[in-house]
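Values in this text are rule-based calculations from the coordinates and carry no lab data. Keep in mind that this is a model prediction, so the values were computed, not measured. So basically every Cβ, Gly included, is an ideal-geometry build from the backbone, and we count neighbours across all protein chains shown.
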Amino acid sequence: MENLCLLCPRKCSVDRSKTRGYCNQGSLKIARAALHKWEEPIISGSKGSGTIFFSGCNLKCAYCQNFEVSRGKGKDMTSSSLADLFKKLEDLQAHNINLVTPTHFADDIIKACEIYKPKIPIVYNCGGYESLGTLEKLKDLVDIFIPDFKYSDNALATKYSNCKDYFQVCTNALIKMRQLRPIDIIENGIMKKGLIIRHLVLPNATENTKGVLDWIANNMPKDTYISLMGQYVPVCDAYKFPEINRKLKPLEYKIATQYALKLGLDNTFVQSLDSATEDFIPDFDETSLIL
Ligand code: SF4
């Protein structure tokens, strides 16, 4: 019987062993696994987060900050070798296993956890375009959800991420994630369970950001952790859209951070705009591929 892929809201319904859906991925492929020190402080801690970057993506945003990997760069792996990566990252004293853009490999991740369940928290670090059924499958496995909430404006979602229902799908996923992890547990400054909502502020899009923050303030507990990122750099296909073909202006980021403050969203992480450089994009060359 064919195994048709319905892992994400694209609902491509294709047999990925024979053909490709929107994410353009077949079997498990990974671009990088390493300790990463530039996540939020409650995720990176002092020793680093054990990040595993999966190849491909179900969004493929025009301005993707990790475009090499979202467009498919990586190495073929198995669930068993993924389980080995969990062990290696644990041995390196990682604070957590941080699965970056994992959605389209959710079934492989579940299999890897059946082979070896890490003793440290598992982080599901995704683009926010998630199906409720896949989140349900992951409910006993994932400790921390870190979804993006990219757009309140579906016109921007359509233009930059080919996704006309992003806002509705993402907000339903956020509600589900909050239900699955209703309490944030922080021990010694490190998150053990919970939810962090990330939003990358885009150039010329402060109204989009305000819509994102308004929704969070109206629908989530006020102490929800938010990561308001100002690190945008124009890469990938951003040059095709003149309005986003530049870095963020300090004033745009200030408007975003002050709006979060005004809404009482006090657990908001902010960034120095010095991080808006390609130096902070992880290296995906062949030598840094896998531990
Ligand atoms: S995971 Fe990939 S193939 Fe499956 S529904 Fe999503 S985009 Fe389509």
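Please give the contour-minus-distance gain from ASP15 to LYS47: 0.36 nm per residue of separation, less the Cα-Cα distance, rounded to one decimal in nm. Walk me through the intermediate numbers first.
Numbers: separation 32, 0.36 × 32 = 11.52 nm, distance 4.00 nm.
In short, 7.5 nm is gained.
Could you tell me the center-to-center distance, by alpha carbons, between segment 230-274 and segment 122-193 in angstrom?
Measuring centre to centre over Cα atoms gives 20 Å.
Would you calculate a helix-derived [θ] at 222 nm for the chain, using -39,500 (n - 2.57) for each DSSP H run of n ≥ 4 and dividing by the full residue count, to the nearest 500?
About -8500 deg cm²/dmol.
Give the residue from GLY127, PRO234, LEU7 lying farthest towards the positive end of the charge dipole for the chain; charges sit on Cβ (+1 for Lys and Arg, -1 for Asp and Glu) and the dipole is referred to the Cα centre.
LEU7
Determine the sum of side-chain charges near ASP214: Lys and Arg each +1, Asp and Glu each -1, restricted to other residues whose C-beta is under 11 angstrom from that of ASP214.
Details: positive: LYS210, LYS262; negative: GLU207.
Value of the local net charge: +1.
GLU207 versus ASP165, label points 7 Å from Cα toward the beta carbon: distance in nm?
2.5
Which of the three applies to segment 185-225, rounded, prolate or oblate, going by the alpha-carbon gyration tensor with a ≥ b ≥ c and a/c under 1.5 meaning rounded? Please list the in-between numbers first.
Working: a/c = 4.30, a/b = 1.95, b/c = 2.21.
Oblate is the answer for segment 185-225, as a/c is 1.5 or above yet b/c matches or exceeds a/b.
Which net charge results when you count Lys and Arg as +1 and Asp and Glu as -1 among the other residues whose beta-carbon is under 9 Å from that of THR224?
On the way: positive: ARG178, LYS222; negative: ASP184, ASP223.
Within the 9 Å Cβ shell, the charges total 0.
Between ASP223 and ARG246, what is the label-to-label distance in nm when each label sits 7 Å out along the Cα-to-Cβ direction?
Calculated label separation equals 4.1 nm.
Determine the distance separating the Cα centre of segment 4-41 from the Cα centre of segment 55-72; give it in Å without decimals.
After rounding, the separation between the Cα centres reads 10 Å.
Using DSSP, restrict attention to beta bridges with both residues in the chain and report what percent are antiparallel, rounded to the nearest 5.
Working: 12 of 35 bridges.
The antiparallel fraction comes to roughly 35 percent.
Out of all DSSP beta bridges with both ends in segment 84-200, state the antiparallel percent to the nearest 5.
Values: 3 of 14 bridges.
Of all bridge pairs located within segment 84-200, approximately 20 percent are antiparallel.
Quickly rank 129-136, 44-51 as a protection proxy: mean count of other C-beta atoms within 10 Å, highest first.
Values: 129-136: 19.1, 44-51: 20.8.
Highest to lowest by the protection proxy: 44-51, 129-136.
State the extension gain, in nm to one decimal, for the chain segment bounded by LEU6 and THR158, taking 0.36 nm per residue of separation less the distance between their alpha-carbons.
On the way: separation 152, 0.36 × 152 = 54.72 nm, distance 2.06 nm.
The LEU6-THR158 span can extend by a further 52.7 nm.
First check a/c for the chain, with a ≥ b ≥ c the square roots of the eigenvalues of its C-alpha gyration tensor; if it is under 1.5, answer rounded, and if not, answer prolate when a/b is larger than b/c or oblate otherwise.
Values: a/c = 1.38, a/b = 1.23, b/c = 1.13.
In terms of gyration-tensor shape, rounded.
Over 29 Å between C-alpha atoms is what I'm after, so list which of LYS37/LYS240; LYS29/LYS164; LYS37/LYS254; LYS11/LYS88; LYS222/LYS254; LYS159/LYS247 land there.
Values: LYS37/LYS240 32 Å; LYS29/LYS164 27 Å; LYS37/LYS254 25 Å; LYS11/LYS88 34 Å; LYS222/LYS254 20 Å; LYS159/LYS247 18 Å.
Violating the 29 Å limit, Cα to Cα: LYS37/LYS240; LYS11/LYS88.
Once the other residues with Cβ under 14 Å from the Cβ of ASP91 are scored (Lys, Arg +1; Asp, Glu -1), what is the net sum? All intermediate terms of the calculation are to be shown ahead of the outcome.
Values: positive: LYS47, LYS87, LYS88, LYS119; negative: ASP84, GLU90.
After counting each charged neighbour, the total is +2.
With a point put 7 Å past each Cα toward its Cβ, work out how far LEU132 is from ASN24 in nm, to one decimal.
3.2
Using Cα-Cα distances under 8 Å and only pairs 6 or more residues apart, what relative contact order does the chain have, in percent? Spell out each step's value before the answer.
On the way: 594 pairs, mean separation 49.3, N = 291.
Once divided by the residue count of the chain, the mean separation gives 17 percent.
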